[in-house]
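I have placed the structure first, in the form of structure tokens, so that the comments after it can refer back to it.
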Amino acid sequence: MIAPKTLKLSIKSLRDFAKKRLPEETLLELDEKDECPLDIVRHMCDPDQLGIQLLFIPEDCGGFGGGAFDVYCICEEMARIDLGIATAVLATFLGSDPITVGATPEQKKFWLSRIAQEGILFAYGATEPEAGSDLGALRTTADRVMEDGRVVGYKITGNKQWISNGGVADAYSVLANAPGGPCWFVVEKGAKGFNHDEPEDKHGIRLSNTAALSFDNVYVDADRLLGGVEGQGLIQAQLVFGYTRLMVAAFGLGAGWSAVDRAIPYSTKRIQAGAPLSEKQGYTHKLIVPHVAHLEAARAYIEETAERIDAGEGSLNTEGAIAKYMATEAGNSAAEASIQAFGGYGYTREYMVEKIKRDVRITTIYEGTSEIMEMTISRDRWQLHLKTRGQHYHEQAKKFEALHASHPEVGADVAALALHALAEVMEKARLARLTRYQHILLRLGELIAYAECAGSLSRRAALTAESKLNEKSNRRFDAAALAALARVFAREAALKVAEEGLRWIAGAGGVNAAEISAFETGLGLPAIHRAQVGLISDMDHIVDVLYGRIAKAQRAA
Ligand SMILES: Cc1cc2nc3c(=O)[nH]c(=O)nc-3n(C[C@H](O)[C@H](O)[C@H](O)COP(=O)(O)OP(=O)(O)OC[C@H]3O[C@@H](n4cnc5c(N)ncnc54)[C@H](O)[C@@H]3O)c2cc1C
């Protein structure tokens, strides 16, 4: 783990660097030219310059040994600057993942030390033209090369698609099928038979190089098989999902906030109907506040998951999926709303929000699409529901009822309503065997993510009130503002779980017309409706905080 002071310094260096080398005009120009600024990416990964990659390399390989929390903080900051450049740095992290989790000690030392000391760029080659979400369908092969009855090397043949850093990396982690099953190999640039295509002409992250790769009998020595044992590739890929999805979650968070942080000052200067837009409730309460609540709910979940990974609770794949799903969907909606907040100006390429919107779009696609996240979340939590005979979310709800008793202001009672309703929806789905419908299974994934994030944000607000927040946590909001955000989000989550849950259960035939009224009561809908009281005044308070009106009023007093 990195010391809080070192992390702060790294973030500051990153900000200073971006201010100097990547002002908005440069970013817009590179986006227009569809150009990856390789010199800048290399500078960021040069150990004698910014050396960003050192943060995630273990100390015994020459890095700083950063944990999940550190990596989240850096990823959010990089995404605030530019998501394309952030992706280029992420690609080295992803490319080195199979090494970190699966390589032999010698391989680890060799490759991770080179990333640390030489700043070499990696790419992560998993996806293929026919194997995207379903990596099991991969067709790239690795044939053994034998000498005197032993394996001395492999010949790799196949194609990879949409590979970040594909045209600029120094080394590639490549997933291929050996006779013993899928494995990761390291292939260096310039290997005979290895080629990459021209960069893709993409919708967004145009500062990131994305290219298809082709392998025609590319020979690698046997020591390039990571871990030295065939058949471990898909397990190794699974082992880091919690961690890597947290990074993409931080990208969604950073890009979303970057858009909102442009819309807020814009709205104070843009006068319409005699007053700034920032003073129009119909503007702030639609285009700003809900997005801030979603982003902060996702942040609460990211931070909790990062802390648990750092505490050694394992890879937390499902939590990583919830964090990624919520943060990237929130980032996309926030950027979309920010275009609206700028009106016609937001629709032009001259304004950064237009670029951010195109950039952030990728975060719901790479490292597992939102639909795959919904499936991952739902399948895992469904097992918990079954194992606990339907009690899992009721038990979770009780924890938030207890939190409400000590912190009545953080919306924990409403988060508890969301969790109780979720348990009821899942139980109805079980009784009527509705998860045989894939749509119901995936919609449950969405409801689970909302209910769990409502709990996390309540907890974060309570920790803030007790001054117990992680030292490295973002402190943009004080306890009162976070409590208001937690109440706003919990109300939305509870209503969504109960009403959409009812809709899908009824829609799939889980209750008939005569049973609906009793089901509504079982879901706690009357209490959830009553909990909406106070919503507008909470939103007003959040606006006052975001626009600095409370600080101003306090200074005046
Ligand atoms: C800019 C960019 C950079 C990338 N960088 C990398 C990289 O560095 N390394 C790498 O290996 N890959 C990379 N990818 C690939 C990326 O991870 C895949 O695009 C992604 O996993 C989705 O795979 P796919 O494109 O084949 O879509 P598909 O899997 O074909 O999915 C298409 C749609 O169908 C949905 N879908 C898929 N399966 C199901 C199902 N079972 N049930 C319901 N719906 C389903 C998906 O959610 C999606 O909406 C990158 C992609 C892009 C665009």
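Here are a few things to note about the model shown:
- Residue in the range 246-264 that is of a type in the set (G, A, S), out of contact with any Asp or Glu (no Cβ under 6 Å at 6 or more places or on another chain) and at positive phi present: no
- Residues located in the range 156-171, provided they are within 10 Å of the ligand (Cβ to nearest atom) and either assigned to a strand (DSSP E or B) or closer than 17 Å to A137 by Cβ (or both): K160, Q161, W162, I163, S164
- Verdict on G84 being at pLDDT 95 or above and either part of a helix (DSSP H, G or I) or basic (K, R) (or both): yes
- Residue list for the range 357-388, restricted to those being away from the ligand (no atom under 15 Å from the Cβ) and open to solvent by less than 10 Å² (accessible area, probe 1.4 Å): H385
- Scanning the range 512-552 for residues that are of a type outside the set (D, E, K, R) and open to solvent by 60 Å² or more (accessible area, probe 1.4 Å) yields N512, A513, A514, S517, A518, T521, P526, H529, V533, I536, S537.
- Yes/no for T328 being touching a residue at least 12 places away in the same chain (Cβ under 8 Å), open to solvent by less than 40 Å² (accessible area, probe 1.4 Å) and of a type in the set (S, T, N, Q): yes
- Filter result (of a type in the set (A, V, I, L, M) and more than 17 Å from R379 (Cα to Cα)) within the range 433-463: A454, L457, A461, A462, L463
- Out of S214, S208, sole residue that is within 16 Å of the ligand (Cβ to nearest atom) and touching a His at 6+ places or on another chain (Cβ under 9 Å): S214
- Remark: pairs (first residue in the range 200-218, within 18 Å of V41 (Cβ to Cβ) and open to solvent by 10 Å² or more (accessible area, probe 1.4 Å); second residue away from the ligand (no atom under 14 Å from the Cβ) and among the basic types (K, R); Cβ separation under 9 Å; 6+ apart in sequence or on different chains) = R206/K33; R206/K355.
- Within the range 474-493, being charged (D, E, K, R) and open to solvent by 20 Å² or more (accessible area, probe 1.4 Å) holds for R475, R476, D478, R487, E492.
- Any hit, the range 373-396, residues being at pLDDT below 95 and either over 25 Å from L442 (Cβ atoms) or part of a helix (DSSP H, G or I) (or both): no
- No other residue among L403, L447, L442 is within 18 Å of E371 (Cβ to Cβ), in contact with a Ser or Thr (Cβ under 8 Å, 6 or more places away or on another chain), touching a residue at least 24 places away in the same chain (Cβ under 8 Å) and not in a loop (DSSP other than H, G, I, E, B) apart from L442.
- When residues of the range 121-141 are limited to those that are free of Cβ contacts under 8 Å to residues at least 60 places away in the same chain and more than 11 Å from the ligand (Cβ to nearest atom), the one least open to solvent (accessible area, probe 1.4 Å): T141
The values are calculated or read from the model by the stated rules, or taken from the named source; none is laboratory data. What you see is a predicted model, and the numbers here were worked out from it, not measured in a lab. Glycine also receives a Cβ, built like all others from the backbone with ideal geometry; neighbour counts cover every protein chain displayed. The protein model used for the area step is the full one, side chains on, heavy atoms only, and it has no ligands, DNA or RNA in it. Shrake-Rupley method; radii C 1.70, N 1.55, O 1.52, S 1.80 Å.
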